[in-house]
Amino acid sequence: MEVLLRSHDSSRAMAVEIHEGSVPAYYREVYEAIHNRTHEKVQLEVFQRLLQKTELSKSVIGQIVDHVECTDGYLNKLALYKALALIALAQQGKQPSPKLLENCIQELPKPHLGEPRDLSSLRMQPVQEDDVLTMPLSLEKLLSRDTVQVELIPEKKGLFLKHVEYQVTSQRYKLSVYRRYSDFDVFHEVLLQRFAYRVVPALPPKRMLKGVLTSVSEREFIEGRRRALGRFINLVARHPFFSEDELVKTFLTFSGTDVQTKLRDTNKKTGDEFMTNRIATQAKEYLPGDIQAQFSTSRELIRNIHNSFFKLRDRAEKMAERSKENATDLLLFGKELSNLGSDASTIPCFASSQSSWGALRQSLKSLSVEFAVLSDKAAQQGRREEDDVVERLNLFLDLLQSYKDLCERHEKGVLHEHQRALHKYGMMKRQMMSATVQPKEQASVEQLESRIVQQENAIQTMELRNYFSLFCLHQETQLIFAYLPITSHILGAFVNSQVQGHKEMGEVWTELQPKLGCLFGRNNGMKLPV
């Protein structure tokens, strides 16, 4: 059955004024179930399907649509409310007319259309958006989005309070800008406000922990923070949603004097992702029915992956540290040989005739050179392990930790707020029931009704945000798994660093061996008693 609604002129406004706060909750639930998420109106085709569910005669439906305003193929919210009231009157066997509607405007009747959640199937489904929940990600594509270098500026700025400054260079934008830690801090703050439902990596601490501060520990802290800031900005610059956002572009390209104000102004203009994402209010439609079970399973799996990578990082750090310690030991070993050979003490006469120690110790001086080379090779090995292995492990760990933080924000944020809103709504409903049993002043009852309407709207908004949060969680879970192949990169870097390190040190040891033969002569191959 096809129903044609005539477009009305502005002069033919509704004779009956229906307001948002005066309609039953059922009206608002029907609207939420069937309205178009993009235009916030009800499509004509959807309204036609709704009329078919009323089981009213064609002539009665025609009378209803004669009194409903339709513009450009859409009904606005109040037009739908009027239509629902007319449908309810017609289902009671009454004449659906605006005049009759005026008599019951204070208490609008409820139409019989079934559960509102079942009416969502009437809504027009988005075209060509079946895969909107799935992100076609690969590690190669993510890594190719951008590479950002964060380098320490040697000079400390400031007249009285000294601070560290960083040169931030984006390969994508071919620009270098200068940023302080406080700039990163504000950027992180506004990024979290804009993308509360996404994985936003944490920042490293601003200051060292209290304790004994030395120039060495301060340098190590600053270097560690520089590395962490580099990991943070690279994860952000490569994120499929962050990378295209104006906030990220501003941070990586703005060269003005006050980047913090610029970032805050940019964020104020755009609002959070829920307000700007074109499918935010439709997220529920795209989620699989078992989304909660999928979320729990994925969260547990990623938690186990995080634990394993944490242990791998711990071992890799220890190996890199041992390489550095080995470099120090080799250097000190060579210096001690040199010190031994440089000893100018007179050899006793009774020993000089029976020992070659005098000539031998002169030859020991040269060995410090080879051991210095060995020390340098061991130090290079430690740096390779730190840069190529530990740093990549830390990058993935930062991402995994941000996913854990996101899960907590989901549970402690929208879910918690939703539960609080429902609890508050229940309390007000009980107050309303008490008011009907024990008559109270009309003004206080009307205030309570208004508060209930406001709370219902708040609950509806929280429900939409909850589904959008789950929608984003589902996408961010895909991001984690897209990064998982970094495991092969890490293992490849680990093996290559070991092969290169052992090869380089082996060459030095091999060159050192014949020198020892010349040094000790024929006794070099002599087996000594243990």
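The values are calculated or read from the model by the stated rules, or taken from the named source; none is laboratory data. Since we're looking at a predicted model, the values are computed, not measured. Glycine gets a Cβ as well: all are built from the backbone with ideal geometry, and neighbour counts include every protein chain shown. Each accessible area value is taken on the protein alone, full model and side chains, heavy atoms only, with ligands, DNA and RNA left out. Shrake-Rupley method; radii C 1.70, N 1.55, O 1.52, S 1.80 Å.
Matching residues to (1) open to solvent by less than 20 Å² (accessible area, probe 1.4 Å); (2) among the hydrophobic types (A, V, I, L, M, F, W, C); (3) modelled with pLDDT of 95 or more:
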residue: ARG231; (1), (2), (3): no, no, yes
residue: LEU235; (1), (2), (3): yes, yes, yes
residue: PHE242; (1), (2), (3): yes, yes, no
residue: GLU246; (1), (2), (3): no, no, no
residue: SER255; (1), (2), (3): no, no, no
residue: THR266; (1), (2), (3): yes, no, no
residue: LYS269; (1), (2), (3): no, no, no
Item to check | Test set (1) in contact with a Lys or Arg (Cβ under 8 Å, 6 or more places away or on another chain); (2) assigned to a helix (DSSP H, G or I); (3) farther than 20 Å from PHE468 by Cβ - MET319 fails condition number | outcome: (1)
Checklist entry - Can you pull out the residues in the range 384-416 that are closer than 30 Å to LEU332 by Cβ and either without any contact (Cβ under 8 Å) to a residue 24 or more places away in the chain or touching a Cys at 6+ places or on another chain (Cβ under 7 Å) (or both)? => result ASP387
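I'd like the full set of residues that are among the basic types (Lys, Arg), under 18 Å from the mean Cα position of the chain (by Cα) and closer than 19 Å to GLN193 by Cβ, limited to the range 238-288. Give the steps one after another, and end with the answer.
Taking the range 238-288 first, the residues among the basic types (Lys, Arg) are 238, 249, 262, 264, 268-269, 278, 284.
This time we only want the ones that are under 18 Å from the mean Cα position of the chain (by Cα), so: 238, 249.
Selection gives LYS249 alone.
Which members of the range 359-387 meet the condition of being under 13 Å from ARG227 (Cα atoms) and crowded, with 19+ Cβ neighbours inside 10 Å?
Keep residues of the range 359-387 that are under 13 Å from ARG227 (Cα atoms), which gives 386-387.
GLU386 - this is the single residue of the range 359-387 that is under 13 Å from ARG227 (Cα atoms) and crowded, with 19+ Cβ neighbours inside 10 Å.
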Checklist entry - Quick one: GLU102 ticks every box in (1) outside any helix (DSSP H, G or I); (2) at pLDDT below 85; (3) surrounded by fewer than 15 Cβ atoms within 10 Å (Cβ to Cβ) bar one, so which box is it? => result (1)
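Yes/no per residue for (1) assigned to a helix (DSSP H, G or I); (2) aromatic (Phe, Trp, Tyr):
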position: GLY230; (1), (2): yes, no
position: ASN234; (1), (2): yes, no
position: PRO240; (1), (2): no, no
position: SER243; (1), (2): yes, no
position: GLY256; (1), (2): no, no
position: ARG264; (1), (2): yes, no
position: GLY289; (1), (2): no, no
position: PHE295; (1), (2): yes, yes
Next on the checklist: If a residue must be modelled with pLDDT of 75 or more and either exposed (fewer than 10 other Cβ atoms within 10 Å of the Cβ) or assigned to a loop (DSSP other than H, G, I, E, B) (or both), how many such residues does the range 155-176 contain?
Outcome noted: 5
Checklist entry - Looking at this structure, is SER353 modelled with pLDDT under 95 and farther than 21 Å from GLY230 by Cα? => result yes
Checklist outcome for this item: Scanning the range 1-39 for residues that are closer than 18 Å to ARG123 by Cβ and at pLDDT 75 or above gives TYR26, TYR27, ARG28, GLU29, VAL30, TYR31, GLU32, ALA33, ILE34, HIS35
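Here is a yes/no grid of residues against (1) open to solvent by 80 Å² or more (accessible area, probe 1.4 Å); (2) in contact with a helix residue (DSSP H, G or I) (Cβ under 6 Å, 6 or more places away or on another chain):
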| site | (1), (2) |
| --- | --- |
| ARG49 | yes, yes |
| ASP66 | no, no |
| LEU86 | no, yes |
| GLN92 | yes, no |
| PRO111 | no, yes |
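Farther than 15 Å from LEU191 by Cβ and of a type in the set (A, V, I, L, M): does that describe LEU312?
On the way: farther than 15 Å from LEU191 by Cβ: yes; of a type in the set (A, V, I, L, M): yes.
When the stated conditions are applied, LEU312 passes them.
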